[in-house]
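Below is one structure; the comments refer to it alone.
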Amino acid sequence: MVTDKVLLAKYREPGALSRELYERASRVMPGGNTRHSVALAPYPIYARSGSGCRITDVEGQERVDFLNNYTSLILGHAHPQVTEAVQRRAALGTAFTMPTQDEVELAELITGRVAYVEQIRFCNSGSEAVMLAIKAARAFTARPKIAKFEGAYHGIYDYAEVSEGPTPEEWGEADAPASITEPGTPESVSRDVVVLPWNRPEACRKLIQQHKDHLSALLMDPMPLGIGMIAPRPGFLEGLREETARHGILLIADEVLNFRLDYHGAFHAPGIVPDLATFGKIIGGGFPVGAVAGSRSAMSVFDHTGALKVHHGGTFNANPVTLAAGLETMRQMTPEAFDRLNGLGEYVRDGLRRLFRDTGRPAQVYGAGSMFVAHLTADELIDFRSLRGFSRTNPIYSNLCHKMLEYGFILSPRGIFGCLSTPMTEADLDGFVEALGRGLKELA
């Protein structure tokens, strides 16, 4: 089996190149990195190359990647057709002060695939897409406030990150969570964000009713990673759609992460029709990307030929290299490809459930499509508070991450969270589950 052989974990040795690179990075970058999601104590492992579902580090050791750059690489690393498309496009030029055919073709593909998307605009990150969607909602409704869920992560725009990770001392009432700003964000921002409790429909209804005359939008995704992928209770999302529509509040669907759940997007299965949406990650094929999309009416605020309300520039918006990679990726992700990948997702979730059942370890497995998460608790999980901040407070996860690296698998230090890519096989998933069991046993 995969776990019969334990790697030497050369990245932890005194002369490791990863150690040297981190020491150099720490002199020129705060904390030695430019995104906190790569942080790992005492220092991160540095990547050299990737192919398929595997990454080779700078020490020359290979591991199966269960993070895929935090869900963005649905085809894995260096997919041959995507690489060819990028090389072909780059040879013709990488950026212009003009639009390109790539932009039109990817826009046509997404609007043709997602029923509620009539128009779309590209940007360079999911955070930027969320910012644009919020600005569009405010301009369209002429209302200042937005609503979002406690604990939900939607990027780093000031308003979107309110109450993304509040501590118990800051929570406030269960049915009326406090609006908590991040350090560096003016406290005044909190007054324009109504924080809702996940899976508490009556409390949400009352808060929306209370602020209805000032709410421009409700920002949500159907399986929020920041809330541990706890599924919405039956009818919860549908009730919110009805409530927002009743008061002229736009619904912004955050599909940045969840677009990998289904060929038609995450809101297709429940039959919910948002007004606006944000996209990112897989639509860039491994390159920086974001997009704001929605109904023709809501998107009209960006139309410079009409009553322009929201200016949207950006030097690298819709750059042809990103869009060529994204276009090829989305073409590869046919309904059949989604079905196979989502089947593997259910396979690994089943494997995790068996592992915890057979070992008698209290745990709960969540997720959908090609994503999974396991919480090491027997408590009922319904919202952010029941998780006490996702998995960030449990020190076992960082130690488990190192164990998994020793066994040849890449896992987040913030929890047992992962996503799959199309090059993976059942053997890769079996090896992962076996290694996880072994790691948990050693750490017990």
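For ALA90 and GLU336, calculate 0.36 nm times their separation in residues minus their Cα-Cα distance, and state this gained length in nm to one decimal.
Result for the pair: 85.6 nm of gain on full extension.
Determine which residues of the range 185-225 fall in the zone a paramagnetic label at ALA178 would reach in this model, i.e. backbone nitrogen under 19 Å from the point 7 Å along Cα→Cβ.
The answer is 185-198, whose backbone nitrogens lie closer than 19 Å to the label point.
Tell me which of GLY165, LEU240, VAL193 sits at the most positive position along the dipole axis of the range 142-254, charges placed on C-beta atoms (Lys, Arg +1; Asp, Glu -1).
LEU240
At 0.692 mPa s and 37 °C, plugging the Kirkwood radius over alpha-carbon pairs of the range 153-217 into Stokes-Einstein gives what diffusion coefficient in µm²/s?
Once the numbers are plugged in, D ends up at 265 µm²/s.
Given a 1.4 angstrom probe, what's the average accessible area per residue across the range 252-395, in square angstrom?
Per-residue accessible area for the range 252-395 comes out at 40 Å².
Take the Cα atoms of the chain, build their convex hull, and give its volume per residue in Å³.
Enclosed volume per residue, from the Cα hull, is 150 Å³.
Under 4 °C and 1.567 mPa s, how fast does the range 73-186 diffuse according to Stokes-Einstein, given a Kirkwood radius computed over C-alpha pairs? Answer in µm²/s, whole number.
Estimated diffusion coefficient is 73 µm²/s.
Could you pull out every residue, at least 5 positions away or on a different chain, whose amide H is within less than 5 Å of the one on THR377? Hs are placed 1.01 Å off N in the peptide plane, and Pro or chain starts have none.
ALA363, GLN364
Can you list, largest first and rounded to whole Å, the semi-axes you get for the range 1-142 by taking the square root of 5 times each eigenvalue of its Cα gyration tensor?
Its equivalent ellipsoid spans semi-axes of 37, 21, 17 Å.
Give, rounded to the nearest 20 debye, the magnitude of the charge dipole that the chain has about its Cα centre when Lys and Arg contribute +1 at Cβ and Asp and Glu contribute -1 at Cβ.
340
Based only on Cα atoms, what Rg/Rh ratio does the range 102-261 have, Rh being taken as Kirkwood's radius?
0.95
Let me test this: with uniform point scatterers at the alpha carbons of the range 60-101, what is the Debye-based log₁₀ I(q)/I(0) at q = 0.19, 0.24, 0.28 1/Å?
Reported log10 I(q)/I(0), two decimals: -0.76, -0.90, -0.98.
Amide H neighbours of LEU218 under 5 Å, counting only residues 5+ apart in sequence or on other chains, H built in-plane at 1.01 Å?
For LEU218, whose amide H was placed from the backbone, the distant partners under 5 Å are ALA147, LEU250, LEU251, ILE252.
Please turn the phi angles of the range 375-382 into ³J(HN,Hα) values with the Karplus equation 6.51 cos²θ - 1.76 cosθ + 1.60 (θ = phi - 60°), one per residue in order, whole Hz, x for glycine and proline.
Residue by residue, the range 375-382 yields 10, 7, 7, 9, 5, 5, 10, 10 Hz.
Which value, in debye to the nearest 20, describes the size of the charge dipole of the range 45-97 about its Cα centre when Lys and Arg Cβ atoms bear +1, Asp and Glu Cβ atoms bear -1, and nothing else is charged?
200
What aspartates and glutamates sit close enough to LYS206 to cross-link, taking a C-alpha to C-alpha distance under 12 Å and skipping anything fewer than 8 places away on the same chain?
Of all the aspartates and glutamates, those that pass the test against LYS206 - Cα under 12 Å, at least 8 places apart if same chain - are ASP175, GLU243.
From a point 7 Å beyond the Cα of THR185 in the direction of its Cβ, which residues of the range 265-302 have a backbone N at a distance under 19 Å?
The answer is 278-279.
Step through the residues of the range 129-134 one at a time and calculate ³J(HN,Hα) from phi using the Karplus curve (6.51 cos²θ - 1.76 cosθ + 1.60, θ = phi - 60°), rounding each to whole Hz and writing x for Gly and Pro.
For the range 129-134, the Karplus-derived couplings read 5, 5, 4, 5, 5, 5 Hz, x marking Gly and Pro.
Please work out the ratio of the alpha-carbon Rg of the range 246-301 to 2.2 N^0.38 Å and round it to two decimals.
1.18
Multiply the residue separation of SER386 and HIS36 by 0.36 nm, subtract the distance between their alpha-carbon atoms, and state the gained length in nm to one decimal.
123.5 nm
Over all distinct alpha-carbon pairs, what is the Kirkwood Rh of the range 319-444 in angstrom?
15.9 Å is the Kirkwood radius here.
Of LYS281/LYS403; LYS281/LYS441; LYS145/LYS281; LYS148/LYS281; LYS10/LYS441, which pairs sit farther than 30 Å apart, going by alpha carbon to alpha carbon?
Flagged as over cut-off: LYS281/LYS441.
Please give the contour-minus-distance gain from ARG27 to ALA245: 0.36 nm per residue of separation, less the Cα-Cα distance, rounded to one decimal in nm.
Here the segment from ARG27 to ALA245 would lengthen by 73.3 nm.
Ignoring everything except DSSP H segments at least 4 long, calculate the 222 nm mean residue ellipticity for the chain; use -39,500 (n - 2.57) per segment, divide by total residues, nearest 500.
-10500 deg cm²/dmol
Tell me, what is the 1.4 Å probe accessible area of ASP350, in Å² to the nearest 10?
My reading of the accessible area for ASP350 is about 60 Å².
Within the range 405-420, find all residues whose amide N lies under 17 Å from a label point positioned 7 Å from the Cα of GLU62 along Cα-to-beta-carbon.
Under 17 Å, as judged by backbone N against the label point of GLU62, lie 405-410 of the range 405-420.
For the range 213-332, what's the radius of gyration and Dmax over Cα atoms, in angstrom?
Radius of gyration, then largest Cα-Cα span, for the range 213-332: 15.7, 44 Å.
What accessible area, in Å² to the nearest ten, does a 1.4 Å probe give for HIS402?
Its accessible surface works out to 20 Å², give or take rounding.
Determine ³J(HN,Hα), in whole Hz, for all residues of the range 217-222 in sequence, where each value follows from phi through the Karplus function 6.51 cos²θ - 1.76 cosθ + 1.60 and θ = phi - 60°; x replaces Gly and Pro.
Once rounded to whole Hz, the list reads 7, 10, 9, 7, 10, x.
Taking each pair of different alpha-carbon atoms in the range 25-107 once, compute 1/r for the pair, average those values, and report the inverse of that mean as the Kirkwood hydrodynamic radius in Å to one decimal.
After inverting the pairwise mean of 1/r, the radius is 15.7 Å.
The values are calculated or read from the model by the stated rules, or taken from the named source; none is laboratory data. Just so we're clear, the structure is a prediction, and the values are computed from it rather than from any experiment. Quick reminder, even Gly has a Cβ in these numbers, built from the backbone with ideal geometry, and neighbours come from all protein chains shown. Heads up: the accessible areas ignore ligands, DNA and RNA and are worked out on the full protein's heavy atoms, side chains in. Shrake-Rupley method; radii C 1.70, N 1.55, O 1.52, S 1.80 Å.
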